[in-house]
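As structure tokens, the structure follows; a few thoughts come after it.
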Amino acid sequence: MNMDVLRKQDEEIYGAIAGEVRRQTETLELIASENFASRAVMETCGSVMTNKYAEGYPGKRYYGGCEFVDIAENVARDRAKKLFGCEYVNVQPHSGSSANMGVLFAVLKPGDRIMGLDLSHGGHLTHGSKVNFSGQFFDAHTYGVERETGCIDMNRVEEMALDVRPKLIICGASAYSQGFDFKAFRDVADKAGAFLMADIAHPAGLIAAGLLNDPMPHCHFVTTTTHKTLRGPRGGMIMMGQDFENPLGITVKTKKGVRTKMMSEVIDAEIMPGIQGGPLMHIIAAKGVAFGEALQPEFRDYAVQVRSNAAAMADWFNSLGYNIVSGGTKNHLMLIDLRNKDVTGKVAENLLHEAGITVNKNMVPFDDKSPFVTSGIRVGTPAMTTRGMNESHSEAIAGLIDRVISAANTDSIEKVCREVREDVKAMCQDLPLNDFGPTP
Ligand SMILES: *Cc1c(COP(=O)(O)O)cnc(C)c1O
């Protein structure tokens with residue numbers, strides 16, 4: 001992007017951005033939650049809509065002058081509904097965490113019981129972790145994956161739900177490479193008398209493309225981020241396949257008397273004024289642009305490629321003797337347990353960084369190491385696929401990662417990192433970030 005004005009005005013921040021452009025251009029991005037938003041998305045993020053206060057919702061704002069931001073928010077909402085086949089959407093959550101907070105605060109009271117996938121088994125902080133609001137305001141119980149299979153066993157989830165009797169069950173994950181059986185989760189939720197929320201922050205793009213199970217018909221609420229596989233601006237949103245009268249006894253006074261609020265009204269009110277003030281209109285406009293992109297046939301091709309790249313990479317890792325949690329991947333990511341390689345997640349992350357490959361260390365199920373050390377790394381293909389890479393790149397990348405990990409405990413590690421860094425640079429130069437992503 002043209003940043004001449006910033007360059008003249010603010011050397012420090014311009015320098016940081018220029019460095020980040022170089023980093024994104026010359027290194028291999030394998031963090032499963034990251035992607036490269038398109039130029040159109042980034043232009044919209046940098047637009048004058050950042051100047052506008054628009055508390056409220058289209059047609060019902062607390063500020064004047066909202067006629068154009070209303071257009072943008074309505075476009076974003078309509079496109080999201082079309083993309084996911086849902087009746088209701090709120091595009092205002094500032095992030096995936098805010099979207100989850102919106103639903104939890106809307107349907108629960110402090111101290112209510114919730115059930116989510118354990119953080120160390122692939123879940124997210126907002127699914128009941130003790131260091132997060134979800135574990136502090138609520139009585140959180142977590143389910144996990146099975147030790148032998150690395151997969152969620154629905155019989156165990158049901159057993160626990162009938163024992164715990166949560167008011168809300170959360171399904172969805174940040175580091176789980178298998179699909180979710182949303183219908184089975186709904187059966188469990190119905191038996192336990194719980195609401196069901198699917199958090200599709202990670203696989204949203206693959207779900208929009210129709211490649212994974214659709215949560216919409218089965219879940220009361222579906223939350224997501226917009227910046228992971230969906231490839232939009234950094235943000236969140238809340239959806240419902242179908243709106244319904246809230247069963248919580250929340251009413252509203254009208255001219256005709258008192259009526260029960262629809263769940264959509266309860267959620268809208270929880271996002272604003274409940275937990276947020278003014279919406280980020282530049283980001284909401286950019287969400288609209290990204291949903292427009294995701295509705296194009298090319299996006300489905302992209303999502304298919306993301307998944308085959310992950311499958312090819314997982315196969316290659318398996319053949320090189322790596323342990324992939326749950327055995328393989330059905331989505332865009334995999335979790336590699338490095339305990340048989342005598343390397344911690346922390347060491348692997350640092351060495352790969354030296355080699356120009358960006359991954360994150362990650363707890364593996366039943367990990368004996370702390371979250372700061374960990375026994376694994378999480379690897380994902382959304383960003384490299386946006387860059388134009390295919391299955392042969394995926395295999396080559398698995399090979400490069402293996403070269404580094406295999407040399408980790410040897411004297412030649414510095415030399416190996418230098419060599420791999422050159423290979424990575426060459427691979428990146430072959431596929432520069434042009435239409436998608438930043439160019440210097
Ligand atoms: C990334 C993620 C979130 C949170 O998104 P932020 O925008 O980082 O707040 C929530 N849930 C899951 C499952 C995620 O992977």
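The values are calculated or read from the model by the stated rules, or taken from the named source; none is laboratory data. These numbers come from a predicted model, not from an experiment. All Cβ positions, even for glycine, are placed from backbone atoms using ideal geometry, and neighbour counts span all protein chains on display. Protein only, heavy atoms only, side chains kept; ligands, DNA and RNA dropped before computing areas. Shrake-Rupley method; radii C 1.70, N 1.55, O 1.52, S 1.80 Å.
Figures for the structure shown
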{"quantity": "Lone qualifier among Asp199, Asp153 - being within 14 Å of the ligand (Cβ to nearest atom), open to solvent by 10 Å² or more (accessible area, probe 1.4 Å) and under 23 Å from Met334 (Cβ atoms)", "calculated": "Asp199"}
{"quantity": "Those residues of the stretch 94-105 which are open to solvent by 10 Å² or more (accessible area, probe 1.4 Å) and assigned to a helix (DSSP H, G or I), in sequence order", "calculated": "Gly96, Ser97, Ser98, Met101, Phe105"}
{"quantity": "Failed criterion for Val91 (all others in (1) within 16 Å of the ligand (Cβ to nearest atom); (2) surrounded by fewer than 22 Cβ atoms within 10 Å (Cβ to Cβ); (3) among the hydrophobic types (A, V, I, L, M, F, W, C) hold)", "calculated": "(2)"}
{"quantity": "Test for Ile357: is it touching a strand residue (DSSP E or B) at 6+ places or on another chain (Cβ under 6 Å) and within 23 Å of Val424 (Cα to Cα)", "calculated": "yes"}
{"quantity": "Scope the stretch 222-242; condition away from the ligand (no atom under 11 Å from the Cβ), buried (at least 24 other Cβ atoms within 10 Å of the Cβ) and part of a strand (DSSP E or B); matching residues", "calculated": "Val222, Ile238, Met239"}
{"quantity": "Any chance Ala140 is under 16 Å from Gly123 (Cα atoms), touching a strand residue (DSSP E or B) at 6+ places or on another chain (Cβ under 6 Å) and in a loop (DSSP other than H, G, I, E, B)", "calculated": "no"}
{"quantity": "Check on Ala314, among the hydrophobic types (A, V, I, L, M, F, W, C), in contact with a strand residue (DSSP E or B) (Cβ under 7 Å, 6 or more places away or on another chain) and over 24 Å from Arg234 (Cα atoms)", "calculated": "yes"}
{"quantity": "Matching residues, the stretch 97-121, being more than 9 Å from the ligand (Cβ to nearest atom) and of a type outside the set (A, V, I, L, M)", "calculated": "Gly102, Phe105, Lys109, Pro110, Gly111, Asp112, Arg113, Gly116, Asp118, Ser120, His121"}
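Conditions (1) touching a Phe, Trp or Tyr at 6+ places or on another chain (Cβ under 8 Å); (2) at negative phi, marked per residue:
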site: Val131; (1), (2): no, yes
site: Tyr143; (1), (2): no, yes
site: Lys183; (1), (2): no, yes
site: Val188; (1), (2): no, yes
site: Gly193; (1), (2): no, no
site: Leu196; (1), (2): yes, yes
site: Leu206; (1), (2): no, yes
